[in-house]
1. What Rg and what Dmax come out for the stretch 20-170 when only alpha-carbon atoms are used, in angstroms?
2. From the convex hull of the Cα coordinates of the stretch 58-147, what is the mean projected area in square nanometres?
3. Where the eigenvalues come from the Cα gyration tensor of the stretch 36-110, what are the semi-axes √(5λ) of the equivalent ellipsoid, largest first, in whole Å?
4. Using a 7 Å offset from the Cα along the Cα-to-Cβ direction at both Asp69 and Ala373, what is the distance between the two label points in nm, to one decimal?
5. For the stretch 96-147, restrict the atom set to alpha-carbon positions and state the Rg and Dmax in Å.
6. Taking the solvent-accessible surface of protein heavy atoms with a 1.4 Å probe, what is the per residue accessible area of the stretch 77-124 in Å²?
7. Can you work out ³J(HN,Hα) from phi for every residue in the stretch 394-411, in order, using Karplus 6.51 cos²θ - 1.76 cosθ + 1.60 and θ = phi - 60°, giving whole Hz and x for Gly and Pro?
Amino acid sequence: TFRAMTGLYGSIQPADSVYLSTRTHGAVFNLEYSPDGSVLTVACEQTEVLLFDPISSKHIKTLSEAHEDCVNNIRFLDNRLFATCSDDTTIALWDLRKLNTKVCTLHGHTSWVKNIEYDTNTRLLVTSGFDGNVIIWDTNRCTEDGCPHKKFFHTRFLMRMRLTPDCSKMLISTSSGYLLILHDLDLNKSLEVGSYPILRARRTTTSSDITSSGSSGPRAVGSPCHQNDSGLLSEKHMSRSSQREGGSPRNSLEVLTPEVPGERDRGNCITSLQLHPKGWATLLRYCCGSCADHSWTCVYEFQEGAPVRPVSPRCSLRLTHCIEEANVGRGYIKELCFSPDGRMISSPHGFGIRLLGFDAHCSELVDCLPKEASPLKEIRSLYSHNDVVLTTKFSPTHCQIASGCLSGRVSLYQPKF
C-alpha cells in the first residue's frame, strides 16, 4: 500500500487552475476541503469566500461579502456546515444548502480572528485571534443572533491554535517563539489565573529561569516578533500546583521553546502550526528573524504521555525532522499541511509547493523515527504559480492537492501517468 501511495504522490502534476481577477478577491489565505471532498472552499483577502467542485474544477459560488475584511480561515463542522473568520473580528457560520445568507455571525473577539477549530464530541467551536484570546462557542445552542460563548484562555502574541484529532490537547503558538500545550483538555472548564494547576513551565533550549506572569494570565513576555525576554509562569507556583493535585490534572499547561536548528540564540516567530492526523506529531514553520532570508519547517514527535512532575528533565515534544525553507514573500504567513494519512507534508515553497516525506519511501513517522533530528526528504517539487504560494491543502478523499497564491490563483495537482 505504501509503495502504491508513494507512486501516486510521485506522479502528481499540475492538473488545473482556477483564476479570477485579483480585483475581485485578492490573495488566497486559506483552503479547506469539505470532509467528503466534494467542495473546496477558498478564503480570500478581499472579503470573499469562493466555492469550487475540486473534481471538475468548476466554480460553484462566490460569497462576495462574506465578511467586511480579509477572510483568514475556514473550518467545516460537517459535510454541510462551515465557519469562516476574518480580520473584521467576527466568525460566520454557513450552510452549503443555503448560501445566500449566513446562519449567524459570532461576536466576541476584539482583534483579527485567525484560527477555527471544532470539537466533534461536544460540538464546541474554538477560535483564536490576535487579541490573544481563545474563545469557546456552544453551537448546540446556536440562534440567528449567535452562540453562547466564553473566554477560555489568553496569552500575549498568540499566532495559531490547534486541537489534536482526539481533542485531548490544545497547542498554541506565539510570535515570541513559545509553544503552549494544554494537556488532558477540558473545554467546559473555565481557566482562571490561580484556579487551575500548571503542569510545568520551562524553556527547552536555555537554562534561563522562568519568571512569574502578571495578573492577566499566562503570557509570553517580549517583543511581538522575535524576542524571548523571559518565561511565562512561575516554576515555584507550578510546583505547588502539581503537588497539590498529585500529578497531571485537566488542562495542565506546558510551556516550551522548541528547538530550531541553528537558531538557539534567537527568537523565532512560529507562523504556522499543524498537527499529524493521527496525533503523533506537530508541524511548525518558523520565521527566523524579521530580516532573515530563510525559515524552517520542523516536525516534533509527541513523547509517550506528559511529564507529571515539574522536575522531570523531559519535555513532551522531541524534534525529529526539519528542513530549511526559502523566506520568499516576507511578511506573509505560509500555511503547510499533512496528508490525510500523515506520511507526507505539503509546504509552500516560493512560487510552488514541495512534497516532503520522513524518508525517501514516504514511510509512517513511527517507522522511521531517528535518534537525532534528520532532514525531511523532498519527494517532489511542483511549480504552477506566478506569485508566492501562501497556502496548500490535501484532499481528504482524493489524491489531490490544492495551493493558493498571493495573486489569487488556485492550482490543483493530481496524478498523471
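The values are calculated or read from the model by the stated rules, or taken from the named source; none is laboratory data. In this text the structure is predicted, and so the values were computed from the model without any measurement. We place every Cβ from the backbone using ideal geometry, glycine too, and count neighbours over all the protein chains shown. Accessible surface areas use protein heavy atoms only, side chains included; no ligands, DNA or RNA. Shrake-Rupley method; radii C 1.70, N 1.55, O 1.52, S 1.80 Å.
1. 14.7, 44
2. Taking a quarter of the hull surface, the average projection is 5.8 nm².
3. Over the Cα atoms of the stretch 36-110, the ellipsoid semi-axes are 20, 13, 10 Å.
4. 3.4 nm
5. When restricted to the Cα atoms of the stretch 96-147, Rg and Dmax are 11.8, 34 Å.
6. 44 Å²
7. 7, 5, x, 10, 10, 7, 9, 10, 10, 9, x, 10, 5, 8, x, 8, 10, 10
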